[in-house]
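Below: the structure, in structure tokens.
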């Protein structure tokens, strides 16, 4: 790559050589220190490239070997400069353009973020903007290590940041923190209560007093495991202790899910009629001009943005945008019964997956369909065995009521 640029800057010519001693011609040129490259044999002639200075020395080689040399093409900056030597404005424009490119190349125009999952790209960009890093910032003013620490301080979900600048792109790679597991405060007394209606299948208590057993029917809010421990002596309660109830409880639970799907749908039949709007992009802004009137009653809009770039990493803050408006004719069509049922089943499967506990086991299911003129309805009834119960803290007031043997009423007169 560097050699090609160097040869273009110095200038070179593409020549054809033919005669009885072309090999001797090339050997003699090499002996004189003349560099020949891209040598290609084409029937009776040999094509090659040589620098401007080297071409001037080839005349002696051609005379000694009785070969003929002709120039096919002249390439390089010296020939371009000679061709446009009288066009001063053109030359000035080239110089200004090169200076502008050099100036723009000293700024960052694209921020590429990788590794974010829980943290949105918008939040990261807003945080960087507050620090003074983003598109349109001079590359010399960016301190990679400093804004990396700033990101980790401002966004707690980020644990590691690495960044580098290539061309006009700022590449940021980050690693998010591992979500903290749910913390169970075993020092806080609590009961385990039912969070839904069901039939107890199994219960294994680690702490607390079980209130229910297998095959018991429970309602939402019923106490399953009490955090109250009665200390008895000879069948008489001597003391009451309160603990954080812990248990693994599973119950049989019933769910009903419903979905509905229209029988008819609109199909778009696109015509060949297309209207286009043109515009420019500059410094993250967009300006549309040359707007023709849109006479279509129904159309879809598609936008195609292109930024000027030299290679993958050298992107400039300029470009163009083309907005296309495609006309279509709407046509009402109907699904078949099989297609509707497939769509409803997919919707129900998605809803069931999102609604059930991750450890739920489906033991029974049924599916019913009902169709009218406009739509088809589906109802899924499923029976699952899943964990049941949630922790509910025992308040100080509840403890006092239990110790006093009252329900919180004041019996004093």
Starting from residues that are in contact (Cβ under 8 Å) with a residue 24 or more places away in the chain and touching a helix residue (DSSP H, G or I) at 6+ places or on another chain (Cβ under 7 Å), keep the ones in the range 129-158 and report whichever is nearest to residue 178 (Cα to Cα).
158
Residues of the range 97-117 classified as surrounded by 11 or more Cβ atoms within 10 Å (Cβ to Cβ) and part of a helix (DSSP H, G or I), total:
3
Every residue in the range 17-51 that is under 14 Å from residue 64 (Cβ atoms), in contact with a strand residue (DSSP E or B) (Cβ under 9 Å, 6 or more places away or on another chain) and part of a loop (DSSP other than H, G, I, E, B), please.
19, 34
In the range 229-245, how many residues are in a strand (DSSP E or B) and in contact (Cβ under 8 Å) with a residue 40 or more places away in the chain?
3
Matching residues in the range 56-83 - criterion: being assigned to a helix (DSSP H, G or I) and over 16 Å from residue 8 (Cα atoms)
56, 57, 58, 59, 60, 61, 62, 63, 64, 65
Please work out which one of (1) at negative phi; (2) surrounded by 15 or more Cβ atoms within 10 Å (Cβ to Cβ) is the condition residue 208 fails and give its number.
(1)
Taking the condition outside the structural domain of residue 137 (by TED's automatic domain parsing) and assigned to a strand (DSSP E or B), does residue 323 pass?
yes
Return yes when residue 248 is more than 35 Å from the chain's Cα centre (by Cα), part of a strand (DSSP E or B), touching a residue at least 12 places away in the same chain (Cβ under 8 Å) and loosely packed, with under 13 Cβ neighbours inside 10 Å and no when it is not.
yes
Looking at 212, 201 in this structure, which one is outside the structural domain of residue 375 (by TED's automatic domain parsing), in a strand (DSSP E or B) and farther than 30 Å from residue 373 by Cβ?
201
Is at least one residue of the range 300-316 at pLDDT below 90, in a loop (DSSP other than H, G, I, E, B) and touching a helix residue (DSSP H, G or I) at 6+ places or on another chain (Cβ under 7 Å)?
no
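The values are calculated or read from the model by the stated rules, or taken from the named source; none is laboratory data. All figures in this text were calculated on a predicted structure; none of them were measured in a lab. Neighbour counts run over all protein chains shown; Cβ positions are idealised from the backbone, glycine included.
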